[in-house]
1. Find the Rg to Rh ratio for segment 107-226, where Rh is the Kirkwood radius over alpha-carbon pairs and Rg uses the same atoms.
2. Taking the Cβ of GLY149 as the centre, find all other residues whose Cβ is under 15 Å away and add up their charges (Lys, Arg: +1; Asp, Glu: -1).
3. Could you sort the peptides 1206-1215, 1571-1580, 294-303 by per-residue average Cβ neighbour count (10 Å cutoff), highest mean leading?
4. Hey, any idea what % of segment 50-173's accessible area is carbon plus sulfur with a 1.4 Å probe?
5. So what's the gap between the Cα centers of segment 667-739 and segment 1182-1232, to the nearest angstrom?
6. Order these peptides, 995-1002, 1277-1284, 1035-1042, 817-824, by their mean beta-carbon neighbour count within 10 angstrom, highest first.
7. For the pair LEU1507 and LEU1055, what calculated FRET efficiency results from E = 1/(1 + (r/R0)^6), where r is the Cβ-Cβ distance and R0 = 60 Å, to the nearest 0.05?
8. Using a 1.4 angstrom probe with every protein chain in place, what is the largest-first accessible-area order of ARG1588, ARG1406?
Amino acid sequence: MGGKNKQRTKGNVRPSSSGRAAELLAKERGTVPGFIGFGTSQSDLGYVPAVQGAEEIDSLVDADFRMVLRKLSKRDITTKLKAMQEFGTMCKEREAEVVKGVLPYWPRIYCKISLDHDRRVREATQQSFEQLILKVKKHLAPYLKSIMGYWLIAQCDIYSPAASAAKVAFEKAFPSSKQPEALAFCKDEILNVLQDHLLKETPDTLSDPQTVPEEEREAKFFRILTCSLLALKKLFSMLPKKEMRSLEEKLMSLLSQNKFWKYGKHNIPQVRSAFFELASAFCQYLPELVKAEAPRVCPAVLLSIDDSDAVVCPALWEAALYALATIEDCWSHVNARKGVLPKLWTVLREGGRGLATVIYPNLLPFISKVPLGIAEPKLDYFRTFFSSIIQGLSSERAVSSHSESSAIITAFMECLRFVMLQKIGEDDEQRQIHQMLIFDQLIPLTDAVLKEPRLQNGPLFYQIAETLSSWEAKAELSSDDGTDETFQKLLSNFWDCLLKMCVLHVDTLDADEKSLLAISGMLEILQNPNNATKPNNRKSLKIRFTDEDESEKNAENGKFTEVKNNSDSEIQAEQQHSLHLRKEALENLVCNLAELSIVYVNEQKSEQHLKFLSALLNSFSSKRVFHVLLEQGNSASCAQAKSQEKIKAHHENPSVQFLHLNLITWLKEDWRKDTHFLVDILYSVLNCCNSRDERKIILDDLTKMDLKWVILLQIIQKACSSTTKLSLVSGWLKGDTLGERLVMLADDLCHLGLKPIVASSETSSSERWTLLSLVLSQHIKNESLIGETFVERIIDKLQAALSKARDLSEAGNTEPSVSFICEVASSFFSSVKGCLLMPSSEDLLFTIFQLCAQRQDATHLTDLLICKLKHTWMSGVNSLVHQLQSMQKQSTFLHKSALWVKNQIQSSSLDVKSLQVLISAVSDLLSKLLEAEGLSGHLVGAYVERVTPNKTEWEKLHESLSTEWMHKPLLEGRLSMNCEHLGSYVKLCGTTKLPGHLCASALLSKMVLSMLKNAVRLQNLTMKRIVFVSFAELLYSLQWIEELENPPYLLLEYLHMLEEMHITYEKFKTLSNTTNLQQTICDRSEEHGRLWSLTMAKFLGLFHSWCCVCVYRFLPLTEGRLHTLQCLSSFLIEEEKKELVFDCVAKLMTCMQTELSTTDGQYTTSENHSLYHVPLVQIFACASCDLASALSAYFEAAASETIENLPVNLISEWKEFFSEGIHNLLLPLLVKVTGETKNASETAFQNSVLTSVGEALTYISKDQLLNHKLPAKFVAGQKTNLPDKLQTLLNTLSPLLFFRARPVQISVYHMLYKLMPELPKFDDEDLKSYGDEEEESALYGFFFCPVFHYCFPYFYISMWCAFLFFLFFFSSLFPLTGTGLLSSQIPHLACSVYHITLKDLPAMVRLWWNSCEKRVFSVVDKFTSKYVSSVLSSQEIASVQTSTQLFNGMTVKARSAAREVIATYSVDDIFIELIIQLPSNYPLGSITVESGKRVGVAVQQWRNWMLQLSTYLTHQNGSIMEGLSLWKNNVDKRFEGVEDCMICFSVIHGSNYSLPKKACRTCKKKFHSACLYKWFTSSNKSTCPLCRETFF
């Protein structure tokens, strides 16, 4: 505040001290303040204890609470919000004693922060206050007076969540019974706070002007002002009545302030609304005080009656009504004629300015309180009032809003009825007013509503009907004062005016159709308002006017008429009592209008008048009206007159006469599109008929006429929609005439739609199909609309037509008809109870199911039709199941469909798509059955039993499977048989239909899975057996497919379908116990053996479910048991195996010779190639070759000590005699078999033989290959320098690498591999030097064949290995075997070849890599850097480190960590150091050669040497040591005086290591021979590269 050296104020002898000031303040007040601030404004929360002794008080507050209270004083909204939320959490979690310490400081904080500008802070404050109350409870009482005022304001917060939170806190603090007492206890403090806010506070006092923006200050002030007004109202409503008088004195001071009354004109709507709500509260709770302030209250309220703000208006009108009811002389304090009524007329003329629903319900009580003196002259007053309302109704806003217009019309009629009941003046004056209200107000309003379509559905007509009922009740009651005569005259005037108005609308040729229909609707409502469809009003309140005496009494007492609920029974009784008075007047009106209408119809052919006439007759179908209509139709010609007389003589009923004379003529007019109103006239005629027989005769005659089908459809539709109309035509509906006509219609429609001709128009067909659907699906009281016999006949027609749809669908006309049949059937199935128990209905359902269960290629139906058919039969099945359950009958549909499905799966006529469609259809059927009947599963079980084949049928299905499966297990030794199987041998490669066994097993397995998934209870042993047999048969089918070596694509599709439809063993395993399934498969294996045994082995191997068994159960041996033992051998433990061997040997020893002689198969060597396809012969060949392979492997790998134990000449005899004989036989056999077997599918049968033969040939020696006995084979035009035998061998073996059988490829590779070292020595010297491009070996030409790259990737890579071996004679190679998966071996082999190629041919790979496209370039670079470079770099550095090569004058060192090689060369005074750096992607990247130390060498010479080494390492395939050796030789020769070759600039050639010897005779320069050759061939010149002279 001031420095120490500054001059103090005069008289101030002590320095300033805030502590001293606080001490003085404490002395003045006599208390020790808690948290006081440093300023006087309310914005300072004062959270710091600043007086002497405050430390003790502060110590009562918990440190965490103290921190939170400090945060609450911050200006930042987020900080305050988080602090308040933290405060609430602490109040909830801390102990009560800790929380009580905050109470002394909470009131000041709450009073400030509860008025915060941010609504979230206010809400959080109330929520935290609730937690504080719940914790401290009654200990809040001492601080209640200081916070109650702000608490009440908070409960009136305009932000609803904050107000709700404050109310919740208030309810937590005080029960409902204690709340008035709490407010009464604090009423003075509350009133002081509210008066301060209303009269003293300003935006600048509530908020700091220096820190808070003006807009925010004003918003806060207006909000607090609004809340304070509402809080005062809330205080009035909650205080006990006895406490109200004690407040009058303080409230008088509030009401005496002009500032308070100015709030009624405040520019903020919320403030005005709160003010008027408070005014209403004053009138309600303090009427005497309001009467005393009437000169202020009445102008403030009544002169604001034109306020158009939606927020203000409800409160304003409530205040106005309360003021009028409370203050008797209210109108004496305002100028009604100039100040109030003009504003009211303006509001009414503008339709309430969008607030009609708020304003107009208050008009009746308002005008009831207008004194007669103010309403003078009464006629003009009421004319202005009602005219203003009508004018307001015509505004666009009122017309476009149904609620607005309804409110205006309702208020108009209520006020009109009120005025009519009042005795306003003299009789003449009252009569004038009544006439004015009828002629000038009510009728014009009705006319306006009839002209405006948007108002026609409003409440006016209902209000008029109620008003007429009231007037008619008054007219019936005789009275001495002539009231009955007055209302009788009133009614007479109304009906006369209404007739004139209606005639004006009808008596014109271009009458508006909507207005005419509105007139008919009005008349219908006036006739019977209860039966008419009333608009959906939100309020069910009615106005009930008291009689005249009560009205006068109420007027004297100053009470306005109240709105009361009138019960429906009272209204109904009143209306029924007065209807007979209205009937005559209405009938007269209708007759006049009908007479006018028929004239326009007959003379002008007016369609709108005919529709109007129909509407009139629909409501007023009496003989009198028809008589009037007949009288107007008498003007006809002589012929017509005679016909009319004949009809009149035959029919006495005028309505029937009208039917024959007029209505039938109109019905036969073809140009009419809309005939609904004519059918309505027909029903009016029928309503006037005398008997049921008469009506039936009329309808039968119409049915026999050639009328449009739509008329019959509309007659039946209207009958179904109304019980009254149904009773008129029920006899006709059940009659034979209509039934026969509908059967003929069904027949015509079906034949018309299914013929291959152009069908009739779609609209006409649609109407006829709709008619059929209606008569079939519509049931009245559980009876069909037409006769049951006709229903069955129609269904028969539909079923017959649908069964032909598949055959006729190619014509393209079936889609509409099938679609219509689906709709008719679906409606019939779903709506008619018991319909599916008719045979014809079940036949129809079965036909639809058949169409859905076949693929679309067969039915030629579109996807849309299939969907419709599916929906139809599924809805039919659903209905069928429910009907079967209720009636306990058998279903023909389920029986027929099951037999049909069974026949389909056994016929072997299904492909995969057809089977999939069939399975889907059956699955849907089972789903519907399960869904409908639940877990009982009776129907499902019966259905599955019918579909399941019996034992004989299963055997036939097994026989249908081709025996092609036998070859693979026989050749692999998994099964043993002494004779060939005599079953079917079907070629599967070209078949397009699935075997029946596959179809049956798949379908049944899917059905079983559906049952298990839905936990259906298996009712009997048969069903349990079916479950396991079905899946056992599926596993049998899968094993059959697996045993086929090359299954056709059809079977692969089948497997894919099973996966898609989740028909798998894994699915079965999750739903059921597999023990019984295992037992079933094992039993089948013992009984039948063969494929069942393989199925068992597969099952046990995959799922490891085999347990120990006794071997004795398999004796005596049968074929089935033998196969079972063969397949079980791998699962038996060692002891069981030994026991089995002992038992079998013992059995064999005891067998007789006759028993052994039955074993067929004496195997001898034969040259008969036709026996190659016999599996048993193939087994013998495989065994022989395997024996030869085993012996070859044994003798090759025999160790020296093993050889010593063998006979002396055994090894030599094997190599010189046996081995040569075996291989000389097998090599031609391999060539012959592969040459004869060209087809890939046939090659598959010989794979096992070829594998054994190929494996035996891998042991053939190189000498045996070179001395082969194959027939000579040469290629025309082939240039070669190889011996004939070698060339023949290459020409014979190389093409076999194309052979489809992989064992052949492997065997040929191994034989060619042994020949590689023999090829280079046959190339002459010129070929070595110049590489003649025209002459190549057979292997080279074969290796670069492009087809081979794509067809045989495995052996394409293998040939790379052979090619590399041919170049470098490497001895270690990735081993190639014939076992394992090709898909896994190819990547490994490719990686090996790539590694070898990078190692031995880096320059070639580098050249290829640089020529690749960018994407491949990047992929190869990343792969090499990640997987190969580190290995090759390490090997290269290691080879340098471990090299034993010594250089004279040069040392070489390697650094593995830095991937560097340092070579140091020194001779005499010359010192050279080279640094060779390997790249990260070595060997793809270029090797960098850098110079280290260099002494005694010229720069240009040094650059040449560096270039030589770099070129060699980049473009040659040598190692670093080889490059350094070549570079050193160049340098040595250079120092020895040998000149460089002027082509390659090297002394020693990079490839053949030769010196420059070829010298030019002109320039004497020497060149390498290879360099010269390349120069001559590339330049096409024979000149010296240096001097350009001819080179000799």
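The values are calculated or read from the model by the stated rules, or taken from the named source; none is laboratory data. This one's a predicted model, so the numbers in the text were calculated from it and none came from an experiment. Neighbour counts run over all protein chains shown; Cβ positions are idealised from the backbone, glycine included. SASA here: full protein model, heavy atoms, side chains in, ligands and nucleic acids out. Shrake-Rupley method; radii C 1.70, N 1.55, O 1.52, S 1.80 Å.
1. Rg/Rh: 0.97.
2. Local charge sum for GLY149: +3.
3. Packing order, densest peptide first, comes out as 294-303, 1571-1580, 1206-1215.
4. 48 percent
5. Cα centres, segment 667-739 to segment 1182-1232: 106 Å.
6. 995-1002, 817-824, 1035-1042, 1277-1284
7. 0.40
8. Solvent-accessible surface, decreasing: ARG1588, ARG1406.
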